[in-house]
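J.: Sharing a structure below in structure tokens format, with a few things to ask.
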Amino acid sequence: MTKKELYLYNTASRLKEQFILLQGASEVKMYACGPTVYHYAHIGNLRTYLFEDLLRRSLEFFGFKVRHVINITDVGHLTSDQDDGEDKMEIGAERTGKTVWEIAEDYTNKFKDDLKRLNILPPTIWCKATDHISEQIKLIETLEAKGYTYRTSDGVYFDSLKFPKYADFARLDIAGLRSGARIDLGEKKFTTDFALWKFSPTDRKRAMEWDSPWGVGFPGWHIECSAMSMAHLGETLDIHCGGTDHVRVHHTNEIAQSECATGKPFARFWLHGEFLRENSSDKMSKSSGDFLTLDLLAEKGFDPIAYRLFSLTSHYRNYLNFSWEAMESAQESLNALRKKTQHFIGLEGKPVSVDAREWSIKFQQYIADDLNSSGALGVLHLMLADSSIQDREKITLLREFDSVFGLRLLDEPNVVEHSAEEIEKVESLVKKRNAAREAKNFVESDRLRDALLEAGVVIKDSKDGTVWKWK
């Protein structure tokens with residue numbers, strides 16, 4: 001059976017458009033903005049990568065081969081979109097007491113571990129900004145030769161008013177920005193101009209800096225993505241994706257510098273995931289230093305795949321409101337799904353009948369409509385409850401559906417046998433922790449909790465007492 005046509009919402013046009021490959025192309029060239037590795041990724045960040053994984057899995061489900069690139073920003077991302085403030089990597093190094101190179105490696109490895117725990121497919125290519133300095137310098141030189149740059153005392157800047165389409169992507173009001181441009185621009189000509197290369201301070205040596213035709217310094221955040229994506233995917237991408245916070249500045253700047261350098265469209269489709277919100281705030285952020293990580297969810301007894309399921313319950317372009325009650329519900333839903341499907345594990349499916357194939361058609365209809373994951377989950381539940389189709393057919397359909405959902409519903413459970421001695425030791429630590437909590441000795445209680453976590457045990461406190469389980 002031929003699959004449905006796949007439609008995706010294109011931020012550039014603000015319309016759903018049919019996704020097709022360009023004539024003669026053999027694969028989808030897909031680029032996703034990766035993390036700035038100065039801190040742990042929070043679960044709001046991870047929602048974006050879950051959406052991008054859903055996109056990739058859906059493309060492959062519809063028969064496309066995907067060449068998927070994710071970058072690692074390990075230099076040049078300043079704390080302000082106005083090209084001032086400190087480099088986030090140097091802030092991270094100061095916070096941890098490590099070098100910028102050490103924290104880049106540590107947080108990159110942790111990020112990759114988080115993706116693995118969420119069953120997010122690894123990209124075809126990982127690329128680091130610090131491995132592509134020469135490509136960035138070459139791209140800036142091209143822009144300079146074409147007259148799109150100017151120099152100031154602190155760097156080389158892109159002259160945004162020389163790109164007539166600068167405002168189009170984010171629907172910016174350039175006239176309004178021009179009339180309201182009373183802020184201190186320093187040496188910038190206009191508020192939307194941005195740094196391509198920043199000079200190192202004269203009073204100190206930066207941890208990360210390179211020679212360039214303009215002087216010793218480091219690349220701007222925006223030039224990194226253009227240089228890396230084009231190095232690995234060519235001058236025109238099929239799909240560029242990221243979070244909605246990238247639309248107004250980062251992706252707008254990528255388009256401007258890339259299209260001015262090449263004279264070609266930078267990306268055919270732009271897809272953006274909406275924020276995860278906590279406590280009714282618009283966006284989960286690292287700025288407060290207090291944010292939710294995947295480790296914290298695991299410490300509270302939640303399976304990372306439960307967070308994946310939670311993310312699938314809302315469309316990627318809608319806000320998703322986080323609460324512990326919502327996570328409890330997601331964990332219960334995952335447990336219920338596993339209970340319904342565990343007897344299928346290890347069994348072979350069979351070709352489905354015409355009637356059973358209707359479930360596949362319904363599933364495709366939802367996924368083909370801009371990745372409607374919540375509607376597709378509804379099809380999964382109804383299919384499993386359908387008594388008119390055989391279990392062997394359900395296995396085939398379940399395998400098909402879960403290739404998109406990534407919930408590992410047919411994976412063999414990872415069962416580890418623990419000795420009576422290990423169990424006794426854990427129960428002793430749990431009792432000691434409970435006693436410390438009752439005595440309000442929270443320092444000791446936290447120490448014992450950490451000891452349990454290190455031993456591979458998660459604990460959960462409730463009004464009915466404390467329960468524990470192996471990770």
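The values are calculated or read from the model by the stated rules, or taken from the named source; none is laboratory data. Just so it is clear, the structure is predicted and the values come from calculations on it, not from any experiment. Reconstructed Cβ throughout: ideal geometry from the backbone, glycine too, with neighbour counts over all protein chains shown. Areas reflect the complete protein model, heavy atoms only, side chains present, ligands, DNA and RNA absent. Shrake-Rupley method; radii C 1.70, N 1.55, O 1.52, S 1.80 Å.
J.: With an 8 Å cut-off on Cα pairs and a minimum separation of 6 or more residues, tell me the relative contact order of the chain in percent.
T.: Here the relative contact order equals 17 percent.
J.: In what sequence, highest mean first, do 335-343, 364-372 appear when ranked by Cβ atoms within 10 angstrom?
T.: Working: 335-343: 14.0, 364-372: 20.1.
Most protected by this proxy first, the peptides run 364-372, 335-343.
J.: How much mean residue ellipticity at 222 nm does the chain get from its helices, if each DSSP H run of length 4 or more adds -39500 (n - 2.57) and you divide by all residues, to the nearest 500 deg cm²/dmol? Don't skip to the answer; put the middle values down first.
T.: Values: 15 runs with 197 residues, N = 471.
Rounded to the nearest 500, the figure is -13500 deg cm²/dmol.
J.: For the stretch 33-151, what class follows from the C-alpha gyration tensor (a ≥ b ≥ c being the square roots of its eigenvalues): rounded when a/c is under 1.5, otherwise prolate if a/b is larger than b/c, else oblate?
T.: Working: a/c = 2.21, a/b = 1.22, b/c = 1.81.
Judged from the Cα gyration tensor, the stretch 33-151 comes out oblate (a/c at least 1.5, b/c at or above a/b).
J.: Let me check I've understood the local charge: for Leu233, count other residues with C-beta under 9 angstrom from its C-beta, Lys and Arg +1, Asp and Glu -1. What total comes out?
T.: On the way: positive: Lys29, Arg67; negative: Glu235, Asp238.
Charge balance in the 9 Å sphere: 0.
J.: With a ≥ b ≥ c taken as the square roots of the eigenvalues of the C-alpha gyration tensor of the chain, please select rounded if a/c is under 1.5 and otherwise prolate if a/b is larger than b/c or oblate if it is not?
T.: Values: a/c = 2.30, a/b = 1.32, b/c = 1.74.
Note, shape of the chain comes out oblate.
J.: Is the stretch 198-320 best put as rounded, prolate or oblate by its Cα gyration tensor, with a ≥ b ≥ c the root eigenvalues, rounded for a/c under 1.5, and otherwise prolate when a/b is larger than b/c, oblate when not? Could the numbers behind the result be given before it?
T.: On the way: a/c = 2.57, a/b = 1.45, b/c = 1.78.
Here the stretch 198-320 falls in the oblate category.
J.: Let me ask something additional. For a protection proxy built on the mean count of beta-carbon atoms within 10 angstrom, sort 236-245, 129-138, 101-110 highest first, please.
T.: Details: 236-245: 22.1, 129-138: 19.1, 101-110: 17.3.
Packing proxy ranking, top to bottom: 236-245, 129-138, 101-110.
J.: For the pair Asp355/Ser80, report the inter-label distance in nm, with labels modelled 7 Å from Cα in the Cβ direction.
T.: Using points 7 Å along Cα→Cβ, the separation is 6.8 nm.
J.: Continuing with this model, one more query. If the cut-off is 29 Å between C-alpha atoms, which lysines fall inside it for Lys394, apart from same-chain ones fewer than 8 positions away?
T.: List returned: Lys3, Lys4, Lys65, Lys116, Lys339, Lys340, Lys350, Lys362.
J.: What does the charge add up to near Leu118, with Lys and Arg as +1, Asp and Glu as -1, over the other residues with Cβ less than 9 Å from its Cβ? Please list the in-between numbers first.
T.: On the way: positive: Lys116, Arg117, Arg308; negative: Asp53, Asp114.
Charge balance in the 9 Å sphere: +1.
J.: Roughly speaking, to the nearest percent, how much of the chain's 1.4 Å accessible area is carbon and sulfur? Mind showing how you got there, number by number?
T.: Values: 10780 of 22340 Å².
Carbon plus sulfur share of accessible area: 48 percent.
J.: Shifting gears a bit: Between the alpha-carbon centers of the stretch 93-135 and the stretch 202-265, tell me the distance in whole angstrom.
T.: Each part reduced to its Cα centre gives a spacing of 18 Å.
J.: Can I ask one more? Show which lysines lie in cross-link reach of Lys205 when reach means a straight Cα distance below 20 angstrom and same-chain residues fewer than eight apart are skipped.
T.: Once the sequence-local lysines are set aside, what remains near Lys205 is Lys88, Lys98.
J.: Net charge within 13 Å of Glu259 by Cβ-Cβ distance, Lys/Arg positive one each and Asp/Glu negative one each, not counting Glu259 itself? Show your work: numbers first, answer last.
T.: Values: positive: Lys146, Lys162, Lys165, Lys264, Arg268; negative: Asp168, Glu235, Glu254.
That works out to +2.
J.: Please give the peptides 327-334, 13-20 ranked by average Cβ packing (other Cβ atoms within 10 Å per residue), highest first, as a rough proxy for protection.
T.: Values: 327-334: 17.1, 13-20: 12.4.
Ranking, from highest mean packing down: 327-334, 13-20.
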